[in-house]
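First the structure, in the form of structure tokens, and then the observations on it.
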Amino acid sequence: MDQDIKKLIDDAKSATLAGKAVNRDALKKFLDLDPLSEETEYLGAAARDIARSIGNKGKVWSAIGVDYRPCTMNCEFCSFGEKWKLMNDSHELTDEEIIKNAIGFVNQGASWVTLRTTEFFDLNRLCNIAKKIRKEVAGDYGLVVNTGEFDLNMANKFAESGIDIVYHTLRLGEGKATPFDPKDRIRTINAVRDSPMKLAYLVEPLGPEHTSQEIMDVLSVALDNNAFLCGSMARVNIANTPFEGSKEVDEDRLAQVVAVTRIAGGINMPEICVHPPSEKALRYGANVMVVEKGAIPRSETECCDDWKGFRIEDAKKMFREAGYSI
Ligand code: SF4
């Protein structure tokens, strides 16, 4: 093993467990390692040690796709893009359907319930749904929104409606694979940071072509905006979108990126998520997996039940096998 890299990993682990920032050049070096090298295996073990030291709890992030409709933003990786003509109709779940799904997730032990929408969903309706969920769904869970852009006023309104977390990211390839100005994304992320809301943020949608520098640039936004949850999500290349036929990232690289987010965040970013589920990523420090229903931007057809058949009980089994408590 390269002893310089080993020392860099050991130093980063000590720093991050003490709540100190890890040097970003070191993080980039960790991303530059061969995913199948001995050094990356050591990095993954260090990330798993950090997860063990700060709770060692496996948690489920549940998501409900609220609206199924073509989106005019046409992000190249998203099946909702209207240009890809994958959707024949449009509709929204009723409040009752959303509440029923939320009760199901919470009763099975989900730690978070996410309301996911397309870009231009009515944010006031989102607040009303949140209020109803808080009234009708008992339990200790975080209520999350994953929606379009908004300002600080709206972030405060979310908080008043019982929402406590926003999922928002600067995407890999933002401004190229998407029509968004990265500044608009960062403005929304700053609004979350400046509000009572907490930020959840994945490095996504990860493909094999993304360089270590691109990954670092996106991860840096999470670190600079105090995300409490990070990790990584792989891109799914959907037929009839511009990514049809492209390569998908393999589990080894995904797990490596997850490990780097764990080491980057340390005690300040206790929740590290991987999507899709990956046994190797759990071994490399991920403690959160996603279960989702409803409209899903990584699916060619509307998904009515659990995406790819992955249920909360499957997540719990994987966590137990990876040595996490539930
Ligand atoms: S990722 Fe969001 S903004 Fe982009 S096309 Fe899909 S729903 Fe619209």
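The values are calculated or read from the model by the stated rules, or taken from the named source; none is laboratory data. Being a predicted model, the structure only gives us computed values, none of them experimental. Cβ placement follows ideal geometry from the backbone for every residue including glycine, while neighbour counts extend to all protein chains displayed. Surface areas here come from the heavy atoms of the whole protein model, side chains and all, with no ligands, DNA or RNA. Shrake-Rupley method; radii C 1.70, N 1.55, O 1.52, S 1.80 Å.
Taking trypsin sites (Lys or Arg not before Pro) as exposed when DSSP calls them loop and at most 11 other C-beta atoms lie within 10 angstrom, the chain has its longest site-free stretch at 86-175.
The overall shape of region 1-125, judged from the alpha-carbon gyration tensor, is prolate: a/c is not under 1.5, and a/b is greater than b/c.
For the chain, the solvent-accessible area of protein heavy atoms averages 42 Å² per residue (probe radius 1.4 Å; ligands and nucleic acids excluded). Rg then Dmax, both in Å and based on the Cα atoms of region 79-194: 15.2, 42. A 1.4 Å probe over all protein chains sorts Ile186, Ile272 by accessible area into Ile186, Ile272, starting with the largest.
Please report, in cubic angstrom per residue, the volume enclosed by the convex hull of the alpha-carbon atoms of the chain.
Each residue corresponds to 117 Å³ of Cα convex hull volume.
The residue among Ser212, Leu199, Val258 whose Cα reaches farthest toward the positive pole of the charge dipole of region 167-280, with charges on the beta-carbon of Lys, Arg, Asp and Glu, is Leu199.
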